[in-house]
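Data first, discussion second: the structure below is written as structure tokens.
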Amino acid sequence: MRDLAHDLRTWRFWRWFLIQTFSAVGVLAVLLELTNFIFGSLPIEGWPLAIIIAFVSIGYGLVRAWPRPIRQDYNSPNTMIEIVKGDLFAQDSNIVVGTCDTFDTSVPNIIAKNSVQGQALERLYGGDTDQLDRELAAALQGKTVKATIQKHGKTEKYGVGAVATLRNGSHRLYFLAYSEMNEANEAQSTPDGIWRSLASLWEEVSRTANGTAVAVPVIGGGQSRLSQVMPAQDSIRFIVMSFMFASRTKKVCDQLRIVVHPRDFDRLDRLELQAFLSSMRPS
């Protein structure tokens, strides 16, 4: 109910409501004029007719403008995108976990415990860093080491855009390197780096997910230090655009689910995001 109340207070809801309501008034007025012209009179006139027109138009406006779950189905490409509030690790799907190009795992010395990667270690591996390191090492075998760096922790850099694909029961975990680690163990990223890493992610998902759903968090906050440059609303648009461009080249997956932390979800302009998803349909 709180989410609904939030949406009903936005200017976008009221603007769309008024547009749809007055559109209905116009259509009804034309139909009534035609009816009057053809039959010579109307069974109801005056105030009763005006009240009926008002109720019908307002009802139509509410139905058209009423906030709905943020989702959109597409025919070309054949896929669906939805934006949900919730827990990334409670999703019954493949999951994307953002990381740095050295694939460091030490919590809390290098990786923040409350980050998505820190939560993945705790909730999916029971805090067993050694087990996660073994799986990452196996997944990275055969991938090119771009450079080495002198720092505490892991020193081999695989570059922004590297993806380590792990098994998580019947699903997959995609550890996506979208930030670059420096000698001080500070991870930093850029919009261009995120765009390139997302392109690599969709390529890997297309190759390995067999069309099954993928859940991705909002990318760009936390240790990547992009929250001021790319707040959650912009990050979601960024992810959607990247996914749609990739999907128009070849099938990525049947469903992309962008999972937003409740704290961030409450600050979103959700009606704008629904309008944005709708705008991505081919004209």
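Total residues in segment 118-149 satisfying the condition of being farther than 20 Å from residue 183 by Cα and touching a strand residue (DSSP E or B) at 6+ places or on another chain (Cβ under 7 Å): the figure is 6.
When you scan segment 35-45, do you find a residue that is among the β-branched types (Val, Ile, Thr) and under 27 Å from the mean Cα position of the chain (by Cα), even just one? Within segment 35-45, none of the residues are among the β-branched types (Val, Ile, Thr) and under 27 Å from the mean Cα position of the chain (by Cα). In segment 105-128, the residues that are in a helix (DSSP H, G or I) reach residues that are surrounded by 15 or more Cβ atoms within 10 Å (Cβ to Cβ) and aromatic (Phe, Trp, Tyr) with C-beta atoms within less than 9 angstrom, at least six apart or across chains, in these pairs: 116/89; 117/175; 119/89; 120/89; 120/175; 123/89; 124/89.
Rundown of residues vs (1) surrounded by 18 or more Cβ atoms within 10 Å (Cβ to Cβ); (2) at negative phi, yes/no style:
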| site | (1), (2) |
| --- | --- |
| 81 | yes, yes |
| 86 | no, no |
| 91 | no, yes |
| 94 | yes, yes |
| 97 | yes, yes |
| 100 | yes, yes |
| 110 | yes, yes |
| 116 | yes, yes |
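Note on segment 136-186: among residues that are out of contact with any Phe, Trp or Tyr (no Cβ under 9 Å at 6 or more places or on another chain), of a type in the set (Asp, Glu) and surrounded by fewer than 16 Cβ atoms within 10 Å (Cβ to Cβ), the one that is farthest from residue 118 (Cα to Cα) is 183. If you check 19, 83, 38, 44 for being in contact with a strand residue (DSSP E or B) (Cβ under 6 Å, 6 or more places away or on another chain) and β-branched (Val, Ile, Thr), only one passes: 83. Being at pLDDT below 85, out of contact with any Pro (no Cβ under 6 Å at 6 or more places or on another chain), exposed (fewer than 12 other Cβ atoms within 10 Å of the Cβ) and among the β-branched types (Val, Ile, Thr) is a condition met by at least one residue of segment 62-70.
The test for being modelled with pLDDT under 95 and on the phi > 0 side of the Ramachandran plot does not hold for residue 126. Within segment 245-283, if we keep just the residues that are aliphatic (A, V, I, L, M) and touching a Phe, Trp or Tyr at 6+ places or on another chain (Cβ under 8 Å), the residue that is farthest from residue 190 (Cα to Cα) turns out to be 271. Residues of segment 26-61 that are at pLDDT below 80 and among the charged types (D, E, K, R): 45 alone.
Checked against the criterion of being within 23 Å of residue 86 (Cβ to Cβ) and surrounded by fewer than 16 Cβ atoms within 10 Å (Cβ to Cβ), segment 188-205 has no qualifying residue.
Do the conditions hold for residue 235, that is, is it at negative phi, surrounded by 15 or more Cβ atoms within 10 Å (Cβ to Cβ) and either at pLDDT 95 or above or touching a Ser or Thr at 6+ places or on another chain (Cβ under 6 Å) (or both)?
No, not satisfied.
The values are calculated or read from the model by the stated rules, or taken from the named source; none is laboratory data. Keep in mind the model is a prediction, meaning the values are calculated, not measured. Counting neighbours? That spans all protein chains shown, and the Cβs are built from the backbone with ideal geometry, glycine included.
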